[in-house]
Amino acid sequence: MALYVKAAEILDKAERKQGALKTLVYDSKFSNIKQLFALVCETQKFSPVLQEIIEATKLLKHTKLKLQLAKVLVYDLLMGQGLKCGGSWKALMMKHRSRLQAELARRKVKLGVSRNEDLLPAGVQQTPGDRLPRYVRVNTLKTTVEDVVDYMKRDGFTYRGQALRLEDLTLKDREFVKDLHLPELLVFSPKAHFHDHFLYKAGHIILQDKASCLPAHLLSPPPGSRVIDACAAPGNKTSHLAAVMKNQGRLFAFDLDAKRLATMSTLLLRAGVTCQQLANQDFLKVDPDSPQYQDVEYVLLDPSCSGSGMVCLRDNASTDKEKEKEEARLASLASFQLRCLNHGLRFPRLKRLVYSTCSVHSQENEEVVTACLQQNPGFRLVPLLAQWPERGLEPLSQCLRASTAKTRTHGFFVALLERCREGADARREADVLISPSDANPAPVSPAVSEKRPAASEGEESEASETEDGPTPAAAAEQTDATPSKKRRRKRKKKKKQAAAE
Ligand SMILES: C[S@@+](CC[C@H](N)C(=O)[O-])C[C@H]1O[C@@H](n2cnc3c(N)ncnc32)[C@H](O)[C@@H]1O
């Protein structure tokens, strides 16, 4: 119910020009920003059609609903996922469902079209190429790829074998293939929905975008290892890590948000994950020298980000003020991400750390990684998947990028850092010269809106959302831009002191 009230409120404000849709959504403080944004965007897109249906059926008169609320409810009932609320509104809408459906059908007949999308003016319609395939990750903790393929075939889907080229991922309604890069991934047409499917409900399949499967796949911690998932909720990458580890070893997963962590706990249970240890804790406050983390060799860091790679969260800042706000938001997020990255590298036995965002901005991706490598000479980048079509921006071509156009996924970035021997010596040297307070600046979380995947359901939990960050600490963040300068100054000072002595 809260979702529909919030969506109606935002549509109303947007109509009265009180702000851009995206800003209004970010500012709403709603718990599932991605879900809210998708509903608001779609309702707004279909607004003229919805209004005509509402007027033709005299829905407002019969129900006493306000126009914007009626629009979101009619959208979800006729074109969306079906009403997700219960209680009086659902009862009310169900009473009018047949008339609303008939009116929608009448409009399609009149225009000679079959899809809802065709009711929109040509400029607003999505081209089929804009729609992403439906990616299904097979949860190998519960089943095998072959068993899922067999099940799907028996369920009426046509199996087209192993995809060999990107074009093979463009599929007709009931077709599916094995992905060309990731062995546990099956690919279906965008129209395939599995939220009510037995395999989904039983945790045998996870609805996760292909790009979001990259971090655990690339980190690839062996069974029995000690692993940290630093910003873990709602836990799709955690369950993927557990599958890679075959549930053997220890998987420490942290998240600041208790509610999302609770949801994650349920999702992990459904996925059959048993090697996890969840903690509602700020990752930046986790002590790398604590005995319980002394054997941690792998870290997955997927921190809050702008979410600009998510197809439904594309930036739409248009005025100078909005652009300024967006820049400040990115700077704050990048600062937080760099802190997390630096912190992740402090675990004494760390071998590899994978860093990922679903952002398309270099400020949150290549720039963060470059700054981190400058500050941590003991680590270097690992070249990733030679056959992957989209690389990190030069000179960071070892990293991967992903996008709708080049990889048929949401926008994404992944970097894999590993400890190197020469660097390890450099690090020891640096450790002698850097005091602990310099090496570990005060923990800070993003001060502004951030992306966080929805915590509640399937595909939605893989797709990222944007929410308000936990603890604003803008002043402390200022220090992040110049840590290497500070260190150099400190070294010089120490050298001078040593010379004087
Ligand atoms: C991008 S989401 C993580 C998505 C997750 N890796 C997945 O695949 O399902 C970022 C998460 O970081 C959490 N977070 C933000 N600041 C944090 C901090 N300082 N310590 C731990 N978690 C944090 C947010 O609550 C959010 O759940």
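If you go through region 319-328 one residue at a time, do you hit one that is away from the ligand (no atom under 14 Å from the Cβ) and polar (S, T, N, Q)?
From region 319-328, those away from the ligand (no atom under 14 Å from the Cβ) are 319-328; that's our starting set.
Okay, now just the ones that are also polar (S, T, N, Q), so 319.
Yes: region 319-328 contains one or more residues that are away from the ligand (no atom under 14 Å from the Cβ) and polar (S, T, N, Q).
Mind listing whichever residues of region 37-89 are of a type in the set (Gly, Ala, Ser), assigned to a helix (DSSP H, G or I) and surrounded by fewer than 19 Cβ atoms within 10 Å (Cβ to Cβ)? Before the answer, list the steps.
Taking region 37-89 and keeping what is of a type in the set (Gly, Ala, Ser), we get 38, 47, 56, 70, 80, 82, 86-88.
Within this subset, residues satisfying the condition of being assigned to a helix (DSSP H, G or I) are 38, 47, 56, 70, 87-88.
Listed by number, the residues that qualify are Ser47, Ala56, Gly87, Ser88.
Quick one: which of Leu338, Leu353, Leu333, Leu384 is assigned to a loop (DSSP other than H, G, I, E, B) and of a type in the set (A, V, I, L, M)? Steps first, answer last, please.
Details: Leu338 fails: assigned to a loop (DSSP other than H, G, I, E, B); Leu353 fails: assigned to a loop (DSSP other than H, G, I, E, B); Leu333 fails: assigned to a loop (DSSP other than H, G, I, E, B).
Of Leu338, Leu353, Leu333, Leu384, the one residue that is assigned to a loop (DSSP other than H, G, I, E, B) and of a type in the set (A, V, I, L, M) is Leu384.
Is it the case, given these coordinates, that Ala242 is within 30 Å of Leu36 (Cβ to Cβ), within 16 Å of the ligand (Cβ to nearest atom) and in a loop (DSSP other than H, G, I, E, B)? Lay out the reasoning, then the answer.
Details: within 30 Å of Leu36 (Cβ to Cβ): yes; within 16 Å of the ligand (Cβ to nearest atom): yes; in a loop (DSSP other than H, G, I, E, B): no.
Judged against the criteria, Ala242 is not a match.
Scan region 12-21 and give yes if some residue there is in the same structural domain as Glu103 (by TED's automatic domain parsing) and closer than 27 Å to Lys95 by Cα, otherwise no.
Let us first name the residues in region 12-21 that are in the same structural domain as Glu103 (by TED's automatic domain parsing), namely 12-21.
Imposing the further condition that a residue be closer than 27 Å to Lys95 by Cα reduces the set to 12.
Checked region 12-21: at least one residue is in the same structural domain as Glu103 (by TED's automatic domain parsing) and closer than 27 Å to Lys95 by Cα.
How many of the residues making up region 264-304 are surrounded by 14 or more Cβ atoms within 10 Å (Cβ to Cβ), assigned to a helix (DSSP H, G or I) and within 12 Å of the ligand (Cβ to nearest atom)?
5
Identify, by number, the condition in (1) crowded, with 20+ Cβ neighbours inside 10 Å; (2) touching a Phe, Trp or Tyr at 6+ places or on another chain (Cβ under 6 Å); (3) not hydrophobic (A, V, I, L, M, F, W, C) that Thr409 doesn't meet.
(2)
Kindly provide the set of residues from region 150-179 that are surrounded by 16 or more Cβ atoms within 10 Å (Cβ to Cβ), outside any strand (DSSP E or B) and among the aliphatic types (A, V, I, L, M), ordered by number.
Selection gives Met152, Ala163, Leu169, Leu171.
Identify the residue in region 206-234 that is farther than 23 Å from Asp257 by Cβ and touching a residue at least 40 places away in the same chain (Cβ under 8 Å) and, among all such residues, is nearest to the ligand (Cβ to nearest atom). Show your work before the answer.
First, pick out the residues of region 206-234 that are farther than 23 Å from Asp257 by Cβ: 210, 214, 217-218, 220-226.
Then drop every residue that is not touching a residue at least 40 places away in the same chain (Cβ under 8 Å), which leaves 210, 214, 218, 221, 225-226.
Working: Lys210: 13, Leu214: 11, Leu218: 14, Pro221: 15, Ser225: 18, Arg226: 18 Å.
Among those residues, the one meeting the criterion is Leu214.
Are any of the residues in region 256-263 crowded, with 24+ Cβ neighbours inside 10 Å and within 15 Å of the ligand (Cβ to nearest atom)? Walk me through how you get there before you give the answer.
Applying the first criterion (crowded, with 24+ Cβ neighbours inside 10 Å) to region 256-263 yields 260.
In the following step, the residues that additionally are within 15 Å of the ligand (Cβ to nearest atom) were identified as 260.
Yes, region 256-263 has at least one match.
Count, please, the residues in region 340-362 that happen to be surrounded by 23 or more Cβ atoms within 10 Å (Cβ to Cβ) and of a type in the set (Val, Ile, Thr).
Adding up the residues that qualify gives 2.
Are any residues in region 43-92 at pLDDT 90 or above, touching a Ser or Thr at 6+ places or on another chain (Cβ under 6 Å) and hydrophobic (A, V, I, L, M, F, W, C), and if so, which ones?
Within region 43-92, just Val72 meets the criteria.
Conditions (1) in contact (Cβ under 8 Å) with a residue 12 or more places away in the chain; (2) of a type in the set (Ser, Thr, Tyr), marked per residue:
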residue	(1), (2)
Leu60	no, no
Lys66	yes, no
Tyr75	yes, yes
Leu78	yes, no
Lys95	no, no
Gly112	no, no
Glu117	no, no
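The values are calculated or read from the model by the stated rules, or taken from the named source; none is laboratory data. Note that the structure is a prediction, hence the values are computed from the model and not measured. As a convention, Cβ positions derive from the backbone with ideal geometry for all residues, glycine included, and neighbour counts pool all protein chains shown.
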